[in-house]
Amino acid sequence: MSDALLHAKKVSIRFGGLKALSEFDLEIRKGDLKGLIGPNGAGKTTAFNVLTGVYLPTEGEVFVCGEKVNGRRPHQINRLGLARTFQNIRLFKELTVLDNVRIAVLAERTPLFDRTRVESLKRGPYPGRTVGSVLDALDNYRDWWRALLRTPGFLREEEGIEKRAKELLEVMGLSHRVDELARNLPYGEQRRLEIARALGTRPKVLLLDEPAAGMNTREKADLMVLIRELRSRFELGILVIEHDMKLVMGICEHLTVLDHGETIARGEPAAVRTDPKVVEAYLGEAPAHV
Amino acid sequence: MKSLAPVAIAIAVLALLQVLTASSEYFVYLSLLVGVNVVLAVSLNVINGMTGQFSIGHAGFMAVGAFASALLSQVLNQYRLGFLPEPVEHQLFFFISLVVGGAAAGMCGFIVGLPSLRLRGDYLAIVTLGFGEIILVVVRNTPTFGGALGLSGTPQYTSFFSVWFAVFIVVLFARRLLASPHGRNLVAIREDEVAAEAMGVDTTGYKVRAFVVSSFFAGVAGGLFAHFQSIITPGDSFSFVKSMEIVVMIVAGGLGSTTGAVVAAVVLTLLPEAMRAVFIQIGGGNVALAQSIDQLRKPIFGVLLVVMMLTRPQGIFGTHEAWDLFKRKKGARA
């Protein structure tokens, strides 16, 4: 296997007769900052949903950190190191900013049994699979009791979670909003909170779905700087869907252009911008007799 | 253990209250009814309020707990351990049958929780409603549970102390749950299931767990109820009407608020009794008049609920908790 953190191989998805995505290829390595663009309805968000396990690909394979994730549930894929934000902001609106991030942060605890062994058991054949589930359940019960009895170890974990959440909020410039309800934040800050929440899950690859939508020019400029900073600080691979051409051209080192589910161009931003197919997709077909 | 200190304090306070209130039979009886309803409301709040799933079959879980623990208690009552004094032995048997009743209800919760993986909102509500009805039909047709006549002769173990200790435990449980990653995951499911799943929350697993713990406590409430009723029948006390009563309590108290569930359960259980006392006063010596005014109890109760929902749709407490107020005050002072 390659050392790609996220690897989509000829992924296609059909909804009934509609081919929403066909033979989509993508590779994200550590430190990559790639963009996914295309006109409305081109299949960008569909691609995100396939990668994160919301949809099952009709054909093709998706690998996260070398593991095939076809058919795995979104939360399992997230735990492998893939986190995302949403185009139409999906925060936990009635909760505080801190709680939004705390939910995503996983406690740093020593599990009762070796995690990797339990996971491999659960994916193996029966009866090992049953044993894996039972071990998993036992670990979970212990965790509930620790929480209900508020053991010293549990309280330490909670402190760790809070500390980490506050660190992330500071990175995203939201420290002054910790105790406010998420729904009361201005639009730009809600977008940043979504990124903070995604970072809480300790991802290796971050998928950003139109992170600059609804932001003003200054906020967009700040966001560009911030995305670059996140990449180096958290050693991430980042994939951005974006409509704002200036932003995409400004930060992405590689672009994939989708139209009607087909990949019509890929490569460096400068080359992609002048690609006749891309121009056509965005501006419409050039009249034949001019 | 600092975390167990509240338990010790609660035991002391409840034991004292038990002695102080022993003289008034009417008060004790009311307090048992109120306590059972509080346990039911707080536990249902875990599903409907925290996790945002809609269950209207809580009385079904209560019935499972009631009949399972009553039956076990009757069986255990035929044996003597010998090495313990008899009252202690009774309390031990009582405790065991409560836990077994709760566990039986919890298992049913697991089974009912499974369809909740696929169903949402109204559809899930119908499944839980169906479950409640199935339990009653099963009991009515099982001679072991006494059939339609119900189960009588259950030892009368339930005391002020046991009911209110259960109340204390379930409130402590709800509070500590909410202050842990598990509770936060439940709330995340309520707020946005898709986002919760994307942030690594095992939404299906947590929905089932919410059902299991909630129905466990409903089963315990049922067990407590069975041990102070001379007879339990598969009728009104476990019917759909009872389930709706509990739903009304948590909605009136504020979905998601444990404090709200407690307050609403207390008020709504006592309100009819209080109204009766008032009407008897109004009727004066005229018994016939008092009785006809008493007919107005149910309509007035309904009107009060309608008025409340119109003026304060989020319930008495919204999603706030009494202990949050303390925390904020402390924070302000510091």
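Tabulated data for the structure shown
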read-out: Theoretical ellipticity at 222 nm over the protein assembly as shown - DSSP helices of four or more residues, -39500 (n - 2.57) apiece, nearest 500; value: -19000 deg cm²/dmol
read-out: Contact order relative to length of chain B, as percent, for alpha carbon pairs under 8 angstrom and 6 or more apart; value: 29
read-out: Measure of compaction for chain B (Cα Rg per 2.2 N^0.38 Å); value: 1.03
read-out: Principal axis dimensions, chain A - Cα atoms, whole angstrom, descending; value: 78, 50, 32
read-out: Cβ-placed point charges (K, R +1; D, E -1), dipole of chain A about Cα centre in debye, nearest 20; value: 760
read-out: Net charge of Cβ neighbours under 14 Å - reference B:V266; Lys, Arg +1; Asp, Glu -1; value: -2
read-out: Between helix A:128-149 and chain A: long-axis angle, C-alpha atoms, 0 to 90°, nearest 10; value: 70
read-out: Dipole axis of segment A:95-180 (+1 Lys, Arg; -1 Asp, Glu on Cβ), positive-most option in A:H176, A:I103, A:Y141; value: A:Y141
read-out: Footprinting exposure proxy for B:M244, B:M249 (fewest neighbouring C-beta atoms within 10 Å first); value: B:M244, B:M249
read-out: Along principal axes, Cα extents of segment A:16-84, largest first, whole Å; value: 31, 27, 18
read-out: Lys, Arg +1 and Asp, Glu -1 on Cβ, resulting dipole of the protein assembly as shown about Cα centre, debye, nearest 20; value: 740
read-out: Label point distance in nm, A:K122-B:L81, each placed 7 Å from Cα along Cα→Cβ; value: 3.9
read-out: Kirkwood-type radius of segment B:100-210, with distances r between different C-alpha atoms, in Å; value: 16.8
read-out: Pairs beyond 18 Å (Cα-Cα), from A:K9/A:K34; A:K220/A:K246; A:K10/A:K246; A:K30/A:K277; A:K68/A:K204; value: A:K10/A:K246; A:K30/A:K277
read-out: Segment A:1-57 versus segment B:102-173: alpha-carbon centroid distance in Å; value: 47
read-out: Counted charge near A:E157, where neighbours are those whose Cβ lies closer than 12 Å (Asp, Glu -1; Lys, Arg +1); value: +2
read-out: Mean projected area (nm²) of the alpha-carbon convex hull when segment B:32-190 is viewed from all directions; value: 10.5
read-out: Rg/Rh ratio calculated on Cα atoms of segment B:132-193 (Kirkwood radius); value: 1.22
read-out: For q = 0.19 Å⁻¹, Debye-computed log10 I/I(0) when each Cα of segment B:129-265 counts as one equal scatterer; value: -1.23
read-out: Value of Rg to Rh for the protein assembly as shown (Rh from inverse mean 1/r over Cα pairs, i.e. Kirkwood); value: 1.05
read-out: Equivalent ellipsoid semi-axes - Cα gyration tensor, segment A:95-180, angstrom; value: 32, 15, 10
read-out: Test item: Cα-centred dipole of segment A:1-118, Lys/Arg +1 and Asp/Glu -1 on Cβ, debye; value: 200
read-out: Inter-label distance, nm, simple model (7 Å from Cα along the C-beta direction), B:F240/A:R156; value: 5.4
read-out: Near-label residues of segment B:128-147 by backbone N, under 15 Å of a point 7 Å along Cα→Cβ of B:L114; value: B:128, B:131
read-out: FRET efficiency, B:F326 to A:K277 (Cβ-Cβ, R0 56 Å, nearest 0.05); value: 0.30
read-out: Shielding of A:70-77 by partner chains, average beta-carbon count, 10 Å; value: 4
read-out: Normalised per residue, the volume of the convex hull around the Cα set of segment A:158-290 (Å³); value: 139
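Values quoted throughout were computed directly from the atomic coordinates according to the rules given, and no laboratory measurement underlies them. None of the values given here were measured: they were computed from a predicted structure. Counting neighbours? That spans all protein chains shown, and the Cβs are built from the backbone with ideal geometry, glycine included.
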